[in-house]
1. Before rounding to the nearest 500, sum -39500 (n - 2.57) across all DSSP H runs of length at least 4 in the chain and divide by the residue total; then give [θ] at 222 nm in deg cm²/dmol.
2. Which value, in Å³ per residue, describes the convex hull spanned by the Cα atoms of segment 223-377?
3. Treating cross-link reach as a plain straight distance, find the lysines whose alpha-carbon is under 21 Å from the alpha-carbon of K186, omitting any fewer than eight places away in the same chain.
4. In nm, to one decimal, how far is the A294 label point from the Q257 one, both placed 7 Å along Cα→Cβ?
5. Rounded to the nearest 0.05, what FRET efficiency is calculated for E33 and H309 with R0 set to 56 Å and r the Cβ-Cβ distance?
6. Return the aspartates and glutamates within reach of K31: Cα separation strictly under 13 angstrom, same-chain partners fewer than 8 residues apart disregarded; answer none if there are no such residues.
7. If one computes P(r) from the Cα atoms of the chain, what percent of pairs lie at distances over 34 Å?
8. Please work out how much length the chain gains when fully extended from E124 to E49, using 0.36 nm per residue of separation minus the C-alpha to C-alpha distance, in nm with one decimal.
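A short reminder: the numbers here are calculations on the coordinates, not readings from a lab. Keep in mind that what you see is a predicted model, and the values were worked out from it rather than measured. In this analysis, Cβ positions are derived from the backbone assuming ideal geometry, glycine residues included, and neighbour counts consider all displayed protein chains.
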Amino acid sequence: MSTPVIEEAHPFIPYRQLSAEELTARIRRVKHELGERLLILGHHYQRDEVVELADLRGDSYRLSALAAADETCRAIVFCGVHFMAETADILANRPERLARRDGEFIPVVLPDLAAGCSMADMAEIDQVEDCWRQLSEVTSPEKIVPVTYVNSSAAIKAFCGRHGGIVCTSANADAALHWALARGEKVLFLPDQHLGRNTALRMGIPLDEMQVWDPHEPEWGGGDPDALGRARIVLWKGHCSVHQMFLPEHVDYFRRQYPGIKILVHPECMMEVVAQADEVGSTGKIIRLVKEAAPGTRWAVGTELHLVHRLKKEHPEQEIYFLSPVVCMCATMYRIDLPHLCWALENLASGRPVNVIRVDEAAAADALVALERMLELPGGG
Ligand code: 13P
Ligand code: SF4
């Protein structure tokens, strides 16, 4: 007879029973108690009730820069997704900062470990190493510069650091691509084909100088070795499952229905959507453009639902629409909710931090090289 398995209830479960008011009050209590020792960072795609409790909010670039710059806090709680918490850990615990704090390590907490990013998961380090080996047969490896979108694992960032490459965000992909092309003949852009293609097109690089690498194909990423040898940009075949839902017909619909409307999209959208947009930018730029526009401006915005809803609420003087008839929301960002945040904070306050994201030392050192190159780009983000 087999022994019955007794499922131990997760200590987080009782938090689910608490009301939003009670959770908010308890979160505020911990914030008050820890004061400046605690830094809660919130990405723009977070739910309203969570992002309102963040000390600072931003796009991926700003959040990385904030984690790199803060000298006061002794713990970071990241309301975002896994790669963001990894980046914060690498930057907040870099050797120079550790030395200044006499070796004190800053825990970076991700309130729910299931908050990943499906795009980041589309590039695994073994696949990237394999791609690099094959590309090196058609182009000398010193002439290839890897560029990774920050939406990638620490292992991929470390790969870029080791091979003379750089990290970018949606706020500085142009500057990163310029940086890379000044140092090599070919760029391997990971893992978002759309951000890579849209950025290269904007720089005047034609489509016939780009090739897509599909990591699931057994050889040459499903492409032709000669064409890969000639390509200036090799685009990893990854995408964002949220932004791929915005389609050119949605743009057509809004243009027909609302003459004069401005189409504002994130560069993770497909090229056919970006080509028709009036403005393209990171979440930070999207917010800035809406804020700066004249009252009465009409917008159809193509990015994650929570951000668009918040823009509508915060800018009643403008007419803001969501650029899709279907719900495009980031299900992993959404995992960070009040119960998880409260649970993570109360454990932190009691000296037993949970869900601490820690990148191993060797990977962190190499990834830091690629991140610092990004932070030094002219204009920052
Ligand atoms: P931003 O860099 O614009 O904040 O976007 C992050 C992201 O994951 C978009 O899907
Ligand atoms: Fe990843 Fe897309 Fe979610 Fe951004 S919106 S975190 S790219 S899945």
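1. About -12000 deg cm²/dmol.
2. Residue-normalised Cα hull volume stands at 203 Å³.
3. Straight-distance partners of K186: K143, K157, K237.
4. Here the answer is 2.4 nm between the modelled labels.
5. The calculated FRET efficiency here is 0.95.
6. Leaving aside aspartates and glutamates fewer than 8 places away in the same chain, those within reach of K31 are E52, D55, E346.
7. For the chain, the share of Cα pairs beyond 34 Å comes to 31 percent.
8. Working: separation 75, 0.36 × 75 = 27.00 nm, distance 3.34 nm.
Taking E124 through E49 to full extension adds about 23.7 nm, to one decimal.
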